[in-house]
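Derivation of every value follows stated rules applied to the coordinates shown; laboratory data play no part. Predicted, not measured: the structure shown is a model, and the values here were computed from it. In this analysis, Cβ positions are derived from the backbone assuming ideal geometry, glycine residues included, and neighbour counts consider all displayed protein chains.
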Amino acid sequence: MVIDDRLRATFGFIGERTLSPGERRGRRAGCFDVPISNGSLHTGGMFHVPSLSADPATFHAELRAQLQALLGDERDLVANLANAAALIWHTTPDLNWAGFYLRRSESELVLGPFQGKPACVRIAVGKGVCGTAVARDASVLVEDVHAFPGHIACDGDSRSELVVPIRHAGRVVGVLDLDSPSLARFSQADQEGFEALVRTLEACTDLRSVS
């Protein structure tokens, strides 16, 4: 059955199911403010990875919609970050690492859920691309990591990187970290798209344990 996106937004359809009461609350709170496409991750109670558009703006809109569908009314920190990392990894081309670092103290980030090779466990705030993003309270897009002063080489294959802060109650509590083996892999459109994705993740996830 094909369900028009306007009906999805009005009546709460995702794929072949309807929104639960918790998901309806999430829609009102901002977790479901993008219509879900027919290529939903939810099919008969199972998950599949959709093929997303090659157009950057459309890709990021679709990725955000798929994240909203995937999270549903779940708010657990580890579960949501793990699924977000897996979704990004399996849908975003030309990555060699995708995951999260969490701010467990004022001065240090600790490795969170991720996809890719084993990574550095602890990063000081102000150090490397991740620590710099926290210190600046701003996204950091690096076209060539070898030209970035103080870059922390967790994976020697990485050539470019994008880090987006995660905030709760006005404070940076973690970062989304994306690495690519290609120079200048990430564009300004990618930065803006992943910033919007992180805002969705913030709205749908209980971040109090790292605040």
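Report, as a whole number in µm² per second, the diffusion coefficient that Stokes-Einstein gives for the stretch 93-210 at 20 °C and 1.002 mPa s using the Kirkwood radius over alpha carbon pairs.
153
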Practice task
Express in nm, to one decimal, how much length is gained between S209 and K117 on full extension, taking 0.36 nm for each residue of separation and deducting their alpha carbon distance.
Solution key: 30.5 nm
Exercise for the section: Please state the charge dipole magnitude for the stretch 56-211, taken about the Cα centre, from unit charges on C-beta atoms (+1 on K and R, -1 on D and E), reported in debye and rounded to the nearest 20. Expected result: 400
Problem - Alpha-carbon centroids, the stretch 78-124 and the stretch 166-183: separation in whole Å - result: 9
Exercise for the section: With a point put 7 Å past each Cα toward its Cβ, work out how far A79 is from E195 in nm, to one decimal. Expected result: 3.1
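Arrange the peptides 156-169, 109-122 so that the one whose residues have, on average, the most other Cβ atoms within 10 Å appears first.
Values: 156-169: 19.6, 109-122: 16.7.
The packing order, highest mean first, is 156-169, 109-122.
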Completion exercise
Simple spin-label estimate for I152/D94, 7 Å along Cα→Cβ, in nm, reads 2.6
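For E143 and T58 in one chain, what is 0.36 nm times their gap in residues minus the Cα-Cα distance, to one decimal in nm?
Numbers: separation 85, 0.36 × 85 = 30.60 nm, distance 2.25 nm.
Fully extending the segment from E143 to T58 adds 28.4 nm.
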